[in-house]
């Protein structure tokens with residue numbers, strides 16, 4: 001019993017019973033096979049196949065499994081201990097067809113456990129690969145969603161600017177509509193009376209009173225009127241110019257809004273297509289199997305890399321020829 005635990009450190013013994021009530025004294029040893037340093041799941045977990053593999057028993061042919069090799073080694077150890085006490089082991093045949101029902105069931109269960117352990121390891125590896133693929137697709141979807149969110153924010157800001165531009169344009173347009181008739185009259189009046197006062201007012205003739213009236217009252221009054229009209233006319237021209245600039249600004253903002261709207265629609269369509277492609281990709285993996293799909297993907301990546309290298313080499317060759 002002591003030698004068993006020393007020889008098999010990965011088989012944790014939790015119970016051992018010596019039976020002396022039969023023709024041949026025998027020992028029942030109950031143990032739990034385990035491994036440490038597992039890369040998947042728990043650091044320490046139960047595994048008969050890997051526990052025996054850690055002891056140096058590597059599976060080979062169907063008859064030379066880890067369990068069979070370990071059982072044979074334990075029998076040899078038992079035979080050596082028996083010889084130390086002068087007891088010779090009388091082997092009556094150890095062919096598999098002569099196994100007792102209990103031994104046969106144990107061997108069968110051991111094979112089933114080994115197969116399940118292998119299947120479990122494959123599933124864990126498959127899950128890890130699937131997780132990596134899913135994380136890659138999720139990262140792309142998150143980038144698209146962030147881009148869509150940014151586009152929405154830009155569109156909202158553009159909508160605000162467009163609304164403000166519309167309001168200002170509407171205010172200017174309303175003011176221009178109100179003063180347009182007056183400005184037109186002022187413009188005509190200003191054009192009519194913008195000449196020199198000497199030309200606008202005729203000479204009073206030889207009458208002194210008429211000339212005196214023209215010089216002292218009429219001319220100063222006309223100068224004031226012309227000055228006011230010219231000022232109003234310049235204000236009108238400035239207001240008209242500002243309205244034209246506001247109109248052009250409004251048109252630029254509206255064009256930007258239309259561009260952002262089209263971009264948002266493109267991003268939504270691209271997002272929907274990516275989700276559909278991801279669903280189709282999962283269906284293909286389910287139908288063909290993860291290993292097959294992974295081989296196809298790797299082969300396609302290698303092919304694309306070869307094509308890129310060929311194109312680079314061709315461009316370098318053309319550039320050298322041009323020089």
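Observations, loosely collected:
- Residue list for region 235-245, restricted to those being modelled with pLDDT of 75 or more and in contact with a helix residue (DSSP H, G or I) (Cβ under 6 Å, 6 or more places away or on another chain): none
- Test: residue in region 296-317 that is more than 24 Å from the chain's Cα centre (by Cα), closer than 30 Å to residue 174 by Cα and surrounded by 10 or more Cβ atoms within 10 Å (Cβ to Cβ): no
This table checks each residue for (1) loosely packed, with under 12 Cβ neighbours inside 10 Å; (2) on the phi > 0 side of the Ramachandran plot; (3) at pLDDT 75 or above; (4) in a loop (DSSP other than H, G, I, E, B).
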| position | (1), (2), (3), (4) |
| --- | --- |
| 75 | no, no, yes, no |
| 80 | yes, no, yes, no |
| 88 | yes, no, yes, yes |
| 106 | no, no, no, no |
| 121 | no, no, yes, no |
| 124 | no, no, yes, no |
| 133 | no, no, no, no |
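- Check on residue 260, surrounded by 10 or more Cβ atoms within 10 Å (Cβ to Cβ), at pLDDT below 80, within 20 Å of residue 126 (Cα to Cα) and in the same structural domain as residue 167 (by TED's automatic domain parsing): no
- Condition met for residue 47 (under 24 Å from residue 120 (Cβ atoms), surrounded by 10 or more Cβ atoms within 10 Å (Cβ to Cβ), in contact with a strand residue (DSSP E or B) (Cβ under 8 Å, 6 or more places away or on another chain) and touching a residue at least 40 places away in the same chain (Cβ under 8 Å)): yes
- Scanning region 1-31 for residues that are in a loop (DSSP other than H, G, I, E, B), in contact (Cβ under 8 Å) with a residue 12 or more places away in the chain and more than 13 Å from residue 55 (Cα to Cα) yields a count of 1.
- The residue of region 279-290 that is surrounded by the most Cβ atoms within 10 Å (Cβ to Cβ), among those that are closer than 15 Å to residue 127 by Cα and touching a helix residue (DSSP H, G or I) at 6+ places or on another chain (Cβ under 8 Å), is 285.
- No other residue among 228, 264, 257, 253 is out of contact with any helix residue (DSSP H, G or I) (no Cβ under 7 Å at 6 or more places or on another chain) and part of a helix (DSSP H, G or I) apart from 228.
The rows are residues; the columns are (1) exposed (fewer than 11 other Cβ atoms within 10 Å of the Cβ); (2) at pLDDT below 65.
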| position | (1), (2) |
| --- | --- |
| 148 | no, no |
| 157 | no, no |
| 168 | no, no |
| 171 | no, no |
| 177 | yes, no |
| 186 | no, yes |
| 201 | no, yes |
| 233 | no, no |
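The values are calculated or read from the model by the stated rules, or taken from the named source; none is laboratory data. No experiment lies behind these values; they were computed from the predicted model shown. Here Cβ is always computed from backbone atoms with ideal geometry, including for glycine, and neighbour counts include all displayed protein chains.
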